[in-house]
Amino acid sequence: MTDTARTSTPSAAAAKHLKRRRAADGRFRYYGLIAILAALGALAVLVLTIGSQALSAATYHVVRYDVTLDPAVIAPEGANRPADIARNVDGFYGLVRDNLLETFPEAESDRVSRRELSDFVTRLAVLPTAKMIANSPELVGGDIAMTAPLNDDLDLYLKGQGVRERKIKAGQITAVAADGQAGYRVTGAGAFDALMAGLAVANVGRAKGAAQVDVLLTAGVSTGRLTDITSGSARLELLTGKAADFSNSRPAARIIVSPEAERTISDRQIAWVLALKEMGRVERVPRWTLLTNSDSTYPELAGGLAAIVGSLLTMLVTAMVAMPIGILAAVYLEEFAPRNRVTEFFEVNINNLAAVPSIVFGLLGAALYINFLGMPRSAPLVGGLVLALMTFPVVIIASRAALKAVPPSVRSGALAVGASQMQTVFHHVVPLAAPGILTGAILGMARALGETAPLLLIGMVAFVGDVPSGPTDESTVMPVLIFSWSNNAERAWEPLTSAMIVILLAFLLLMNGLVVFLRRKYERRW
Amino acid sequence: MDTGQGTAMIDDSLTLPRAAEAAPRIDCRNIKVYYGQAQAIHDVSMTFPDRAVTALIGPSGCGKSTFLRCLNRMNDTIENCRVEGEILMDGENINDADIDPVLLRSRVGMVFQKPNPFPKSIYDNIAYGPRIHGLANGREDLDAIVEKSLRRAGLWEEVKDRLTAPGTSLSGGQQQRLCIARAIAVQPEVILMDEPCSALDPIATARIEELIDELRNRYCIVIVTHSMQQAARVSQRTAFFHLGHVVELGDTNQIFTNPREKRTEDYITGRFG
């Protein structure tokens, strides 16, 4: 008994050593866990920031305009000429502008407010309606409710992103009296106490003499600017609507922190857009145009269709060039090539090629395809060829690994029944390696899909407003579009860029999903 | 009906007419094999009689597998392996440049240590060889070849209802018999077996040994084995390899009961190897 007890109890030194080893084991496990958590955290931050931005760009505000399609305005040449109607942007835009002026007659007064009101809708935004009417000319002369996207700055304002403001509910207004020129005095006992408190907070930290914050007061469709605010009364400068709306109401006050001169939208525009919203003419709808429109200089009209089609065409060229050449090269190198210095030289260089920065391939493509072979600039054909150059070492390396993983017993089995080497390779080895080969090829393609740098050098960064109809048309691709949008100054491009990134990621996920699917479906055990 | 009778019922068209005397099917003269600079086989000369099983025994690394692979030129596929000497089949040296190894391998079938059915259906495993060699005229012909081969390998009764199941779904012993059927399907004259039972359990091994005994009536069989009992049970002739030399070659009975060489006796009694 004592003997066994002695042997099962390690000596003190051994016990200490054992403890140290266990501690090292545990530490390593914690390091791994920390690393994984850090990676997951980074991923979550990325997804959250891009996702929340993209989500705000996934919807936008459109305004409804009830217009009469006056034939004299929209079809001066006659309703039977659809091409003319579809091109008549001025006519349709005129209808929309007239409708806005009808709604807000106060804008007629001066040129600045007329321009501010007509900024609500971009001229080109009426193009879809024009095309729709051109396709059904029987609507000419009738009344329709047409919608057009709201100007991007106002859209952002309605989403609460464009302008920093604070909304405070005012108390009961008891009296509205005219006060001098174009002004009113609104009174109500203690109506503005909450607003005063809010203003005190908003003005903290502002230098004396700096522009005061703007305060807007809204009741129904009417909005005015407040000055001379005291606890029980304030002076109201009416921006839109009727002063009578304020009497016996509990209006909403908005403290707008940035002064009017520093904003992209004026107080008047805010007043109008709030009125349109109150009238129920502004609606927040899914932004399908992101997928159906092409690039535009106006964020509210911009979409990624041309870039998506361009990316697909480019990938098609890349796949058609890189996959067969890469896979066959891998099969030759792995199964047929004699092992000697020449083969080794090729192998080393292919591996090196995979590590070459992608922009170098762009330079090569520009020099070889465009300057030397005279292919068209900015075309998916050239882009695809450049990306094929970049992809194909990846395809070769992945395919060789897959071929190497096929057990030699399959080869000997086929050879032993008298298959030639080529029959052995193509009847037995390649089918077994196919899932791995396809995985490598698709992952290489996915990398190419997200590539920007080499395409910049062959001119695919150009502004492309039309969907390319073939691989030689001028085109751009998704990552390059993201790059161009992110360079734009207006704030509305920021969420749009995120939305485009999400679309690109969706395509990448689709490709990776395809890889998983192919693996599951065709992976065979041997 | 047991498989032995099944075999007997099949017509003999697969078997080529041969002389009744035990003429050597293969005649190897002065075979030397090199892997790069290293010589694996030293000047081996031996013959393999038709319709008999010859066992190659010897310790690991003695060159018996290498020698076996000379007989269907599988060594061609190994980088920097070089074979010298003459191997005569029907008076032709199979190492001649004008012998097509693809044709040779259809005459000399091979079964490997680890069952290696193709990851295809049972049917396609058998049909693959006849297809690439153009042995069948049409589907019915191919069906007949598949059935005949599976019957000869004693596997027909077990798989006839699931010919479309993958070959890899069979048990190890069945897989090995499938590989034997696959080798038979291309109508070989010689079957080489490289330790065909080393990955199998004793019951599957017994089944394969029975099968070898049946196949002996039609083919010249060469089997490499590590099991002395197996060599004694299935073979008529035995060659003992050691360090790339054939130490002793003779009737199996004589080798196991009365070896002429001291090294052979030491090996078969388990004193080394």
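The values are calculated or read from the model by the stated rules, or taken from the named source; none is laboratory data. What you see is a predicted model, and the numbers here were worked out from it, not measured in a lab. FYI the Cβ positions are ideal-geometry reconstructions off the backbone, even for glycines, and counts take in every protein chain you see. These accessible areas exclude ligands, DNA and RNA; they are computed on the full protein's heavy atoms, side chains included. Shrake-Rupley method; radii C 1.70, N 1.55, O 1.52, S 1.80 Å.
Miscellaneous remarks
- Test result for A:Thr122, more than 30 Å from A:Leu238 (Cα to Cα) and touching a Ser or Thr at 6+ places or on another chain (Cβ under 9 Å): no
- Some residue of segment B:113-133 being more than 10 Å from chain A (Cβ to nearest Cβ), in contact with a helix residue (DSSP H, G or I) (Cβ under 7 Å, 6 or more places away or on another chain) and of a type in the set (A, V, I, L, M): yes
- All positions within segment B:64-93 that are more than 25 Å from A:Pro408 (Cα to Cα), β-branched (Val, Ile, Thr) and part of a loop (DSSP other than H, G, I, E, B): none
- Looking only at segment A:347-371, and only at residues there that are of a type in the set (Gly, Ala, Ser) and in a loop (DSSP other than H, G, I, E, B), the one that is most open to solvent (accessible area, probe 1.4 Å): A:Ala355
- Test result for B:Glu189, under 27 Å from B:Gly134 (Cβ atoms), in contact with a strand residue (DSSP E or B) (Cβ under 8 Å, 6 or more places away or on another chain), away from chain A (no Cβ under 11 Å) and surrounded by fewer than 24 Cβ atoms within 10 Å (Cβ to Cβ): yes
- Residue count for segment B:59-98 under the criterion of being at pLDDT 90 or above and among the β-branched types (Val, Ile, Thr): the result is 4.
- For B:Met110: the one exception among (1) under 19 Å from A:Val410 (Cβ atoms); (2) more than 11 Å from every other protein chain (Cβ to nearest Cβ); (3) part of a strand (DSSP E or B): (2)
Yes/no matrix, rows are residues, columns are (1) in contact (Cβ under 8 Å) with a residue 60 or more places away in the chain; (2) more than 15 Å from A:Leu328 (Cβ to Cβ); (3) within 11 Å of chain B (Cβ to nearest Cβ); (4) open to solvent by less than 10 Å² (accessible area, probe 1.4 Å):
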site	(1), (2), (3), (4)
A:Pro408	no, yes, yes, no
A:Gly413	no, yes, yes, yes
A:Met422	no, no, yes, no
A:Val425	yes, no, no, yes
A:Leu432	yes, yes, yes, no
A:Leu443	yes, yes, no, no
A:Ala446	yes, yes, no, no
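- Failed condition for B:Cys197, given (1) over 20 Å from B:Arg131 (Cα atoms); (2) modelled with pLDDT under 90; (3) away from chain A (no Cβ under 13 Å): (2)
- Subset tally (residues that are of a type outside the set (Ser, Thr, Tyr) and surrounded by fewer than 19 Cβ atoms within 10 Å (Cβ to Cβ)) for segment A:460-498: 14
- Residue in segment A:387-406 that is within 14 Å of another protein chain (Cβ to nearest Cβ) and either part of a loop (DSSP other than H, G, I, E, B) or touching a residue at least 12 places away in the same chain (Cβ under 8 Å) (or both) present: yes
- Residues that are within 14 Å of chain B (Cβ to nearest Cβ) and among the β-branched types (Val, Ile, Thr) are absent from segment A:356-370 altogether.
- Residue within segment B:134-143 that is out of contact with any strand residue (DSSP E or B) (no Cβ under 8 Å at 6 or more places or on another chain), within 12 Å of chain A (Cβ to nearest Cβ) and open to solvent by less than 10 Å² (accessible area, probe 1.4 Å) present: no
- Among the residues making up segment B:250-268, a single one is assigned to a strand (DSSP E or B) and open to solvent by less than 50 Å² (accessible area, probe 1.4 Å): B:Gly250.
- Residue ID - nearest to the other protein chains (Cβ to nearest Cβ), chosen from residues in segment B:69-86 that are of a type in the set (D, E, K, R) and open to solvent by 60 Å² or more (accessible area, probe 1.4 Å): B:Glu79
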